[in-house]
Amino acid sequence: MFIATAKSPATGKTSVYLKEGYRENGKVKHRNLKFYGFLEELEAKEPDILNKLRAEAKQMSKDGGSVLRIAVDLRKPKSGTRPLLNYGYAFLQSIYNELKIPEFIADRQAKTDIAYPLNDI
């Protein structure tokens with residue numbers, strides 16, 4: 001994993017990404033894992049942000065950052081007065097929240113003009 005910057009010719013802003021290298025059919029390719037924002041805005045908040053992000057990416061690579069372990073405790077009772085009848089849904093909802101998908105969707109939706117809350121789907 002590494003931090004990459006790309007300057008947009010249209011806007012002139014520099015985007016900051018967390019990227020991962022992988023091989024597909026013997027060719028090296030890269031995929032974006034996370035968009036941090038625009039370098040100019042990030043540096044306004046924290047001047048040494050690029051070095052900090054690079055150190056985090058390096059640490060994630062050492063830790064095997066593409067491996068995610070999820071622990072789901074199905075013994076934990078659900079709050080509320082009604083009994084939980086759909087255990088399959090509770091299991092999936094736990095994984096959904098553990099992977100932080102609601103935050104991801106909210107972040108993506110904030111960059112669009114979609115008014116309906118996508119997490120409600």
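Data for the structure
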item	result
Residue that is farthest from M60 (Cα to Cα) [pool: residues in segment 9-25 that are open to solvent by less than 60 Å² (accessible area, probe 1.4 Å) and of a type in the set (G, A, S)]	G12
Segment 87-102 residues that are closer than 19 Å to P117 by Cα, paired with ones that are of a type in the set (A, V, I, L, M, F, W, C) and at pLDDT below 85 (beta carbon under 9 Å, 6 or more apart)	L99/L68; L99/I70; I101/I95
Residue selected from segment 26-51 under the condition surrounded by 13 or more Cβ atoms within 10 Å (Cβ to Cβ) and over 20 Å from R108 (Cα atoms), by the criterion farthest from the chain's Cα centre (by Cα)	E43
Check on K111, more than 21 Å from S15 (Cα to Cα), open to solvent by 90 Å² or more (accessible area, probe 1.4 Å), among the charged types (D, E, K, R) and modelled with pLDDT under 85	no
Residue within segment 64-73 that is surrounded by 13 or more Cβ atoms within 10 Å (Cβ to Cβ), at pLDDT below 85 and within 27 Å of F2 (Cβ to Cβ) present	yes
Condition broken by L85, with the remaining ones in (1) modelled with pLDDT of 70 or more; (2) more than 17 Å from the chain's Cα centre (by Cα); (3) of a type outside the set (V, I, T) satisfied	(1)
Check on L39, touching an Asp or Glu at 6+ places or on another chain (Cβ under 9 Å) and in contact (Cβ under 8 Å) with a residue 24 or more places away in the chain	no
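The values are calculated or read from the model by the stated rules, or taken from the named source; none is laboratory data. What you see is a predicted model, and the numbers here were worked out from it, not measured in a lab. In this analysis, Cβ positions are derived from the backbone assuming ideal geometry, glycine residues included, and neighbour counts consider all displayed protein chains. Each accessible area value is taken on the protein alone, full model and side chains, heavy atoms only, with ligands, DNA and RNA left out. Shrake-Rupley method; radii C 1.70, N 1.55, O 1.52, S 1.80 Å.
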